[in-house]
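Structure first, then comments.
Since every read-out is calculated from the coordinates, none of them should be taken as a lab result. Note that the structure is predicted; figures quoted are calculated from it, not measured.
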Ligand code: C5P
């Protein structure tokens, strides 16, 4: 897919810039020709020499460098490429792109290019959640700029956690391949112009640095809904716990581990027209996860104290402001499926509950088929057993109808 493709990599100034060196290697391994621009801040983290050695071509750094201007020139840098990748995309670089600034080589090339652009943001979680960054991302999305990540997890600053870690090099490679494969105009479809958030997979709640509490969710149903919504033309953010599934193309995947990270990622992805909560979120987490591995010391086994996790669905469905027009929850039940799901509709404050029977004999968890009941204020619809992909397509079609088909 990347063989003989020309990639222009813009490296911004953040600690994640060190991962951009590995990204160059991964792109080259796949046969891409990589040209690199370093912002002046990026040069505080990685050097033009290291970048040039890996790319096999000198790095570009200055707008007013007579040598580059008569040789390649900023306009040729912007045009002689198949894809522009910005990694790490700092808050400042995103703001410049959104505002159309052109006061250094990177921003000028980003303004001058007519090629697809993929950005991999990396910043502190508070900067990522700031309304200014949200506004800039909305503008960039409207301009057709694709996003990969950021993921949730530990930040470089010690003790800081949240959404803001740059996607891993291989995730950026996969997103670059998807961006090159995608048609340049957004797919038309009943959800065109709509924003959809989907949660998927389990959460992992740490006991200590090596152990965690989890569940058997595979993420298949949630991922299928995210894919179906993207295929229907929506701009989709998929917030997923740890799963063994590839990142779907044509949408943004945010990877998280814990319920609290999932809530932060969902809130950072708002506003949305539709939010679908298909993740099997752990109800409880260990109150004080050990900072060191718990040891057998010959005494009594450790007793774990649990505390309740935030209810992501309820938090979003009961928001006073900025509640998505359609909020859909899932109910995984092993008995009295419909009665329990009906009670859940009221308790969670959502518009629909998709109830599925996950008793072990049904094979739903981890399996490819699902039998669901759609519970709304109007009543219950029971659908026949069908593949999870078919459930996803039918749900998305029903959501588009519920929202009214006119683009916003
Ligand atoms: O209460 P219960 O876990 O059965 O509710 C299931 C629904 O609530 C699912 O849609 C699930 O994604 C969502 N949920 C959540 N946050 C939690 C627990 C469940 O979003 N902490």
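Of 292, 101, 204, which has the largest mean-square fluctuation in a 10 Å C-alpha GNM of the chain?
For the chain, modelled as a Gaussian network with Cα springs under 10 Å, the answer is 292.
Name the most mobile residue of 171, 336, 257, meaning the one with the largest mean-square fluctuation, in a Gaussian network model of the chain with Cα contacts below 10 Å.
With Cα springs under 10 Å in the chain, the top fluctuation among 171, 336, 257 is at 336.
Pick from 293, 255, 342: which is most flexible by mean-square fluctuation in a GNM of the chain where alpha carbon atoms under 10 Å apart are linked?
Result for the chain, Cα springs under 10 Å: 293 fluctuates most.
Nearest 10 degrees is fine. How inclined is helix 388-403 to the longest principal axis of the chain, computing both from alpha carbons?
90 degrees
Can you give the alpha-carbon Rg of the chain over 2.2 N^0.38 Å, where N counts its residues?
1.05
Would you mind calculating the gained length between residue 40 and residue 307 on full extension (0.36 nm times residue separation, minus the Cα-Cα distance), in nm to one decimal?
91.5 nm
Using 0.36 nm times the number of residues separating residue 57 and residue 287, minus their current alpha carbon distance, what extension gain do you get?
77.6 nm
So how much slack lies between residue 157 and residue 270, counting 0.36 nm per residue of separation and subtracting their Cα-Cα distance, in nm?
38.1 nm
With everything on Cα atoms, drop me the angle between helix 169-181 and the longest principal axis of the chain, reported from 0 to 90° to the nearest 10.
Helix 169-181 and the main axis of the chain meet at about 90 degrees.
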